[in-house]
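Below is one structure, written out as structure tokens; the observations come after it.
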Amino acid sequence: MQLQSKVNTINNKKKIFNDPVYGFISIPMEIIFDVIEHPYFQRLRRIKQLGLTHMVYPGALHTRFHHVIGAMHLMGKAVATIRRKGHEITTEEEQAVLLAILLHDIGHGPFSHALEHDIVCGVSHESISEFFIERLSADFDGKLDLALRVFRNQHEKKFLYQLVSSQLDMDRMDYLNRDSFYTGVSEGKIGSDRIIEMIDIVDGNLVLEEKGIYSIEKFIVARRVMYWQVYMHKTVVACEFMLIHILRYAKELIQSGTELYGSPALLYFMKNNSSATDFKNDPNVLEQFSMLDDFDIFGAIKVWQHHDDKVLSELARRIVNRDLFKIEISKEKFQKETIDAIRENVKAKLNLSDNEVDHFVYTNTLKNNAYNEDKQNINLLMKSGEIIDLSKASDNLNISALSTPVEKYFLSYPTFK
């Protein structure tokens with residue numbers, strides 16, 4: 001009877017997910033099932049992968065949970081390819097790299113990058129992911145220690161880290177196809193299966209076989225298209241900056257003594273300026289962060305639209321009702337006279353002070369670097385055995401052009417009916 005119970009327990013952990021992008025995804029190891037079941041990981045179901053992008057692309061409601069499960073699936077394929085080509089990956093290393101990719105985004109907060117410097121004080125999601133993996137490893141009696149070493153790029157097999165974080169990692173492989181699928185922007189779709197089949201290892205580093213060059217060219221171009229058409233779509237940018245300023249202003253109000261509605265987790269971070277040191281030294285900070293998700297933010301904003309403070313209520317009302325700011329994009333910096341004229345108009349319309357209008361008129365830069373030659377280049381293994389950087393080997397002139405950062409300027413402000 002006890003033996004049968006144990007068999008049933010093991011079998012119950014061999015679950016499958018029916019994924020709309022890849023079909024059936026199986027959970028390959030019991031520890032992965034246990035980590036997925038942990039409340040820290042389940043929080044990712046409540047954090048949208050693309051933040052406020054659904055304000056532009058209504059289908060973009062998929063979550064970080066979807067993404068990391070997909071990335072883990074692709075990692076399994078990559079491990080199988082590398083083994084088939086004669087390179088050793090032990091069972092322990094396979095488990096570690098699967099866990100590392102599964103947990104690479106666990107440190108994302110609600111609405112992701114938009115709030116990294118306001119909910120917390122300059123703590124990147126990568127750092128918070130590291131704190132979470134440390135905590136989870138403690139919970140699982142050290143079983144994630146090797147995954148943590150891979151995540152930190154401390155493992156002697158550097159290609160394991162490169163599979164998790166590089167310009168040819170499984171993170172990018174999944175999010176391009178997944179974000180393309182859910183937004184309906186078909187230009188972002190890439191041939192991830194073919195690219196994974198073409199990967200190999202030379203001198204401990206990840207490379208791509210020469211015959212995969214056209215697939216990787218499409219991958220780079222797709223990334224560029226997705227950045228301008230989705231991730232940096234001008235309306236998405238306007239919406240994200242509105243959200244940044246709502247939270248920034250609400251934090252100012254709370255820290256000056258104004259009482260605002262909010263969940264306990266949200267109010268914790270609004271009242272405290274939590275830094276990386278706080279996350280490292282105070283276990284309660286990470287615990288509070290683990291209870292923070294998209295629902296905390298939008299639930300508060302729904303209530304704040306009825307607050308007496310005109311700045312907070314106006315910003316919140318506009319987000320809730322999708323009455324978004326106008327945004328202009330330019331290759332040149334906006335003239336001070338242009339910005340000042342808009343500021344004066346907004347001040348007069350809403351009866352704002354100089355400090356208050358800062359939360360309604362924004363100007364900043366947008367940068368898009370589809371292929372960064374300074375960061376872990378994509379190296380091609382030529383038939384001759386020579387290793388060449390993609391931008392040097394490609395006969396597609398666009399690749400060289402795509403390695404040059406593109407910088408644009410924007411000016412965003414409210415319009416009035």
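Nothing in this text is a laboratory measurement; each read-out follows from the coordinates by a stated rule. All of these numbers come straight from a predicted model, not from anything done at the bench. Cβ atoms come from the backbone with ideal geometry, glycine included; neighbour counts cover every protein chain shown.
Here are the numbers:
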{"item": "Per DSSP, loop GluC sites (Glu not before Pro) in segment 210-263 with at most 14 further Cβ within 10 Å", "result": "Glu259"}
{"item": "Cα→Cβ-extended label distance, 7 Å offset, between Thr81 and Glu259, nm", "result": "5.8 nm"}
{"item": "Rg over Rh [alpha-carbon atoms, Kirkwood Rh] for segment 234-367", "result": "1.01"}
{"item": "Principal-axis tilt of helix 170-183 within the chain, Cα atoms, nearest 10 degrees", "result": "50 degrees"}
{"item": "Share antiparallel - DSSP beta bridges, the chain, percent rounded to 5", "result": "90 percent"}
{"item": "In range of the label at Leu61: residues from segment 180-197 whose backbone nitrogen is under 19 Å from the point 7 Å along Cα→Cβ", "result": "180-185"}
{"item": "Thr404-Lys336 pseudo-label distance in nm [points 7 Å out on the Cα-to-Cβ vector]", "result": "3.0 nm"}
{"item": "All lysines inside 28 Å of Lys383 as judged from Cα atoms, apart from same-chain residues fewer than 8 positions distant", "result": "Lys77, Lys85, Lys157, Lys158, Lys189, Lys211, Lys218, Lys375, Lys392"}
{"item": "On Cα atoms only, tilt of 125-139 relative to the major axis of the chain in degrees", "result": "60 degrees"}
{"item": "Under 18 Å from the Cα of Lys234 - lysines, other chains or at least 8 residues apart", "result": "Lys326, Lys331, Lys333, Lys367, Lys408"}
{"item": "Förster radius 45 Å - calculated FRET efficiency between Asn345 and Arg152 (Cβ-Cβ, nearest 0.05)", "result": "0.35"}
{"item": "Distance-filtered residues of segment 258-272 - backbone nitrogen under 17 Å, label point 7 angstrom along Asn355 Cα→Cβ", "result": "258-259"}
{"item": "Segment 234-367, dipole about Cα centre (Lys/Arg Cβ +1, Asp/Glu Cβ -1), debye to the nearest 20", "result": "480 debye"}
{"item": "FRET efficiency, 1/(1 + (r/R0)^6) with R0 41 Å, evaluated for Lys211 and Cys121 via beta carbons", "result": "0.30"}
{"item": "In order through segment 224-231: 3J(HN,Hα) via Karplus (6.51 cos²θ - 1.76 cosθ + 1.60), integer Hz, x for Gly, Pro", "result": "4, 4, 5, 5, 6, 8, 10, 5"}
{"item": "Rough spin-label spacing in nm, given labels placed 7 Å along Cα→Cβ, for Glu134 and Arg322", "result": "4.2 nm"}
{"item": "Nearest-ten-degree value, helix 2-12 long axis tilted from longest Cα axis of the chain", "result": "60 degrees"}
{"item": "GluC sites (Glu not before Pro) within segment 16-116, DSSP loop, no more than 13 other Cβ atoms inside 10 Å", "result": "Glu88"}
{"item": "Expected 222 nm ellipticity per residue - DSSP helices of 4 or more, -39500 (n - 2.57), all of the chain, to 500", "result": "-15000 deg cm²/dmol"}
{"item": "Cα gyration tensor shape of segment 298-344, rounded if a/c is under 1.5, else prolate or oblate by comparing a/b with b/c", "result": "prolate"}
{"item": "C-alpha center-to-center spacing [segment 251-314, segment 58-136] in angstrom", "result": "26 Å"}
